[in-house]
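Asker: Take a look at this one; I'll ask things after.
The values are calculated or read from the model by the stated rules, or taken from the named source; none is laboratory data. Model, not experiment: these values are computed from the prediction. Neighbour counts run over all protein chains shown; Cβ positions are idealised from the backbone, glycine included. Quick note on the areas: whole protein, heavy atoms, side chains included, nothing else; ligands and nucleic acids left out. Shrake-Rupley method; radii C 1.70, N 1.55, O 1.52, S 1.80 Å.
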Amino acid sequence: MPGVAGAERLLGEVEEAEAALREAAERELDGEASFDAVIAADQKIEPRDAMPDAYRAGLIRQIAQHAHSEIIGMQPEGNWISRAPSLRRKAILLAKVQDEAGHGLYLYAAAETLGVSRQELDTALLTGKQKYSSIFNYPTLSWADMGAIGWLVDGAAIVNQVPLCRCSYGPYARAMIRVCKEESFHQRQGYQSLYVLAQGTPAQRAMAQDAVDRWWYPSLAMFGPPDADSTHSAQSMAWKVKRFSNDELRQRFVDMCVPQAEILGLTLPDPDLTWNEQRGHYDYTAPDFEELMRVVKGDGPCNRQRMAHRNRAHEEGAWVREAAAAYAEKNRKAVA
Ligand code: 3HC
């Protein structure tokens, strides 16, 4: 039965993917090799390589949505920085939120290698043309939510993103290696924070349980619609962008969380969660996929608030962008 060891194994997979990437970087690329041959040989497509338009467009869609998720994802946790219960917890939370900004930047840079500009990506987010993960449209109501997000949301992100370290597009795969290492650290701090609350006073324990109750199903929904309704999975898996289906990863996440919840002494809010000897997996209740689609389309508890905040932050940051552009221009002239 996979448990905490399961999380260790995931980190091992990141190390293996990193070694494979280094090997690939040293390999002489055959100029004649076609896109299909590179994919079939499990090598990396690089920005200089020819690629089908749909591969490029699909990657821009996914990487942009991923980058936007990291940036919008700073808001629910940023909400608690000023109210963290100790200086230590505040410093940890600040560092974590700052890491998410960094992840957004690596991912925007990876998307830019496909020929889309940062400005186009910003505009697509701010106008709602491109989406971000459903999970960040739920509110953070108590301090225990910081622990539950670290454990469940970052945990789900790791399960989903470790296979992306092996994705066929080189810049995305390389960005994911660093992201996954940091996400793993985030998950552990969330788990530790929740563990402390779960061992605390009855009120702290109840707060921890309430947070788990609210974040469990939205975390399961992060993996996307069921395989039968997933529009992009088949093509994405054929191109080795996705390595596992939405349902396979959701199951992997459930199997990992059950023993971890036992160690916490908290209950996952699913009375039908049972070990299925035959399948070698836990049976579980699926999240409400209609709710997922409603939230993706803009009707979640916090969609409007998140977008209003992001638009305001973008407007207020105009002077920083102008100053950076002026500084770059000054340096360019000095070098010329
Ligand atoms: N939230 C928002 N949209 C979602 C979604 C979710 N949880 N799950 C699926 N969707 C959207 C898809 O983007 C797609 O919409 P589109 O056609 O309009 O672009 C539609 O629903 C159908 O879903 P598919 O299964 O066909 O889509 P994919 O094959 O792209 O699979 C995915 C969805 C598994 C989310 C995949 O895109 C993926 O692995 N993306 C990279 C990881 C990512 O973006 N994670 C977001 C969270 S980041 C994070 O958690 C940060 C950390 O700090 C916590």
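Asker: Among the listed pairs LYS90/LYS131; LYS129/LYS181; LYS44/LYS333; LYS242/LYS297; LYS181/LYS240; LYS131/LYS181, give every one whose C-alpha distance is greater than 27 Å.
Answerer: From LYS90/LYS131; LYS129/LYS181; LYS44/LYS333; LYS242/LYS297; LYS181/LYS240; LYS131/LYS181, over 27 Å: LYS90/LYS131; LYS129/LYS181; LYS44/LYS333.
Asker: Here is a follow-up. Put +1 on the Cβ of each Lys and Arg and -1 on the Cβ of each Asp and Glu in segment 296-336; which of ALA324, ALA336, ALA313 then has its Cα farthest toward the positive end of the dipole?
Answerer: ALA336
Asker: Which three extents, in angstrom, do the Cα atoms of segment 190-269 have along their principal axes, listed largest first?
Answerer: So the extents along the principal axes, rounded to whole Å, are 51, 17, 15.
Asker: What are the ³J(HN,Hα) values, in whole Hz, obtained from phi via the Karplus relation 6.51 cos²θ - 1.76 cosθ + 1.60 with θ = phi - 60°, for each residue of segment 141-147 in sequence order, with x given for Gly and Pro?
Answerer: Calculated HN-Hα couplings, in order: 8, 9, 4, 4, 4, 5, x Hz.
Asker: Using a 1.4 Å probe over the heavy atoms of the protein chains, calculate the carbon and sulfur portion of the accessible area of segment 223-336 as a whole percent.
Answerer: Of the solvent-accessible surface of segment 223-336, carbon and sulfur hold 56 percent.
Asker: Additional query: For segment 252-262, take each phi angle, set θ = phi - 60°, evaluate the Karplus expression 6.51 cos²θ - 1.76 cosθ + 1.60, and give the result in whole Hz per residue in order, putting x for glycine and proline.
Answerer: 4, 5, 4, 4, 6, 6, 4, x, 5, 5, 4
Asker: Here's another thing I want to ask about it. What number comes out for accessible area per residue over segment 46-105 if the probe is 1.4 Å? Units Å², please.
Answerer: Here the per-residue accessible area is 45 Å².
Asker: Please report, in Å, the Rg and the Dmax of the chain, where both are computed over Cα atoms only.
Answerer: 20.7, 70
Asker: At q = 0.25, 0.28 Å⁻¹, what log₁₀ I(q)/I(0) does segment 228-292 have when each alpha carbon counts as one equal point scatterer in the Debye sum?
Answerer: After summing over all Cα pairs, the log10 values are -1.12, -1.22.
Asker: Quick one: accessible area per residue over segment 198-331, 1.4 Å probe, rounded to a whole number of Å²?
Answerer: Dividing the accessible area of segment 198-331 by its residue count gives 56 Å².
Asker: Let me know the Kirkwood hydrodynamic radius for segment 41-177, please, with Cα pairs as the basis and the value in Å to one decimal.
Answerer: 16.0 Å
Asker: In whole percent, how big is the carbon plus sulfur part of the accessible area of segment 51-97, probe 1.4 Å, protein atoms only?
Answerer: 63 percent
Asker: Karplus couplings for segment 63-69 from phi (6.51 cos²θ - 1.76 cosθ + 1.60, θ = phi - 60°), rounded to Hz, Gly and Pro as x?
Answerer: Ordered by residue, 3J(HN,Hα) equals 5, 5, 4, 5, 4, 4, 4 Hz.
Asker: Please list, ordered by chain and number, the residues whose modelled amide H lies under 5 Å from the amide H of HIS281; skip anything fewer than 5 residues away on the same chain.
Answerer: ASN276
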